[in-house]
Amino acid sequence: MAGQMRCTDLAEQFGTPLYVYDRASIEAAWQEFATALSGTDHLICYAVKANSNLGVLNVLAQLGSGFDIVSIGELKRVLAAGGAAERIVFSGVGKQTHEMEAALDAGIRCFNVESVSELNRLAEVAAAHGTQAPVSLRINPDVDAMTHPYISTGLKENKFGINMSDAMGAYRQAAQFSSIDVHGIDCHIGSQLSSLDPYRDAVNLLVQMIDTLNDEGIKLSHIDVGGGQGIQYADDEQALDIQAWATCVKDAIGDRKLQIVVEPGRYIVGQAGVLLTRVECLKSNEDRHFAIVDAAMNDLLRPALYSAWQAIEEVETLAREPAVYDVVGPVCESADFLGKQRTLAIAENDLLCVHSAGAYCFAMSSNYNTRARPAEVMVDGDKAHLVRSRETVESLFADEFLLT
């Protein structure tokens, strides 16, 4: 079931592969943060990169959510979905001049500046526009998030943020620019975190820097503790306890008068989505059974990119003989799999459900092998809303041209 709707009915109506999101699950996850941070001055900025569908963004905008963006494209998406510019923070290591200009014109809440080079560029852009750019400096605290190397962002070897050793100098420089208004401090150490210890270490380091800056007369109004709160993909994993996380952050901040900004993405939408896919054919060799489905690595990249594990199960339990299958797609790559060594009782044309597919799934999809991307559907109770049409193959090369 997705909400109050049967997955078989959704697949019949909209076809497969199909991404399905549950509105109630998205709202409940967002409310976890609101409840945990109640009694504090806080702003929840959903990380748009996790799932940027306009329908998803609109649901969050209606809750009063802020948004964490990393491109002008995401800025335009948020505004088109009804998000408020004054609740947008702009992250990312490579902001271009035209992106800075667009964000200043829109009146966003804050730029999360990730280098001195970016700070200098933003100061020039803001000065040329006759305005002040609100900034927070993203600090790289060299804290091990104990997660996959590809989604670790808070170590010295990572490209993100300003090193702790350079941070004080960067703040002093920022304070000298008449076109820069220093608002806060920012940190994001990684994604899919399940332990409180890395958060505690990182926030404690930020608080120490806030106190030092205050002593120098540079007073900050907010602390952005980033996102990365983990969800449960496998049975042996545990989602981060959001109430315990909030207590950890509040304890570290103490009685300092700071707004808490948080940038959750995966936690908000990850468990709210599934990918429905149909078994096209079954085949075996001496060592393996393969279930070849109509979804592929271009639709769901996480297993190929991270060796990520997502639960896969039959949509309907039927009288089948179980076997251990590699669930693979039709793309011409050996890395094209959704899951390996899964015990399933299936036959050709059966429907499978890939769980925890709301975050970094459609958002990372592509048109590899000239494959049209799936439709996306939002279930709201007993109603299903098409929030993205299935692409057509013709649309994929509509902007290409033959030589004349």
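What follows is calculated from the coordinates using simple rules that are stated; it is not laboratory data. Note that this is a predicted model, so its numbers are computed, not measured. Quick reminder, even Gly has a Cβ in these numbers, built from the backbone with ideal geometry, and neighbours come from all protein chains shown.
Could you give P(r) for the chain, binned at 20 Å from zero, as whole percent values over all Cα-Cα pairs?
Once binned at 20 Å, the Cα pair distances of the chain give 26, 53, 20, 1.
Which entries of 219/250; 49/219; 49/257 show an alpha-carbon separation above 28 angstrom in the structure shown?
Beyond 28 Å: 49/219; 49/257.
Name the residues whose placed amide hydrogens come within less than 5 Å of the amide hydrogen of residue 181, ignoring near sequence neighbours (fewer than 5 apart) on the same chain.
133, 135
What value, in deg cm²/dmol to 500, does the helix sum -39500 (n - 2.57) over DSSP H runs of n ≥ 4 give at 222 nm once divided by the residues of the chain?
-9000 deg cm²/dmol
How large is ³J(HN,Hα) for each residue in the stretch 74-87, as worked out from phi by the Karplus curve 6.51 cos²θ - 1.76 cosθ + 1.60 (θ = phi - 60°), to whole Hz, x for Gly and Pro?
5, 4, 5, 4, 4, 5, 5, 8, x, x, 8, 4, 6, 10
Going by average Cβ neighbours within 10 Å, how do the peptides 102-112, 204-214 rank, with the highest at the top?
Put in order of decreasing packing, that is 102-112, 204-214.
Counting DSSP beta bridges with both partners in the chain, what percentage is antiparallel, nearest 5?
Expressed as a percentage, antiparallel bridges in the chain total about 40.
Using only Cα atoms, locate the centre of the stretch 338-378 and the centre of the stretch 273-337, then give the distance between them in Å, rounded to an integer.
8
Given a cut-off of 29 Å, what percent of all Cα-Cα pairs of the stretch 91-264 lie beyond it?
Of the Cα pairs, 21 percent sit more than 29 Å apart.
If amide hydrogens are placed 1.01 Å from N in the peptide plane, which non-local residues have theirs closer than 5 Å to the one on residue 162?
The answer is 138, 139, 140.
Please list the non-local residues whose amide H lies under 5 Å from the amide H of residue 388, H modeled 1.01 Å from N, same-chain partners needing a gap of 5 or more.
Residues meeting the amide H criterion: 376.
What ³J(HN,Hα) values, in whole Hz, does the Karplus curve 6.51 cos²θ - 1.76 cosθ + 1.60 give for the stretch 202-216 when θ = phi - 60°, with x put for Gly and Pro?
5, 5, 4, 5, 5, 5, 4, 5, 4, 5, 5, 5, 4, 5, 8
If you average the sequence gap of Cα pairs under 8 Å that are 6 or more apart and divide by the length of the chain, what percent do you get for the contact order?
Across the chain, relative contact order equals 19 percent.
Using the Karplus equation 6.51 cos²θ - 1.76 cosθ + 1.60 (θ = phi - 60°), what ³J(HN,Hα) coupling, rounded to whole Hz, does each residue of the stretch 226-231 give in order, writing x for Gly and Pro?
Whole-Hz 3J(HN,Hα) from phi for the stretch 226-231: x, x, x, 4, x, 10.
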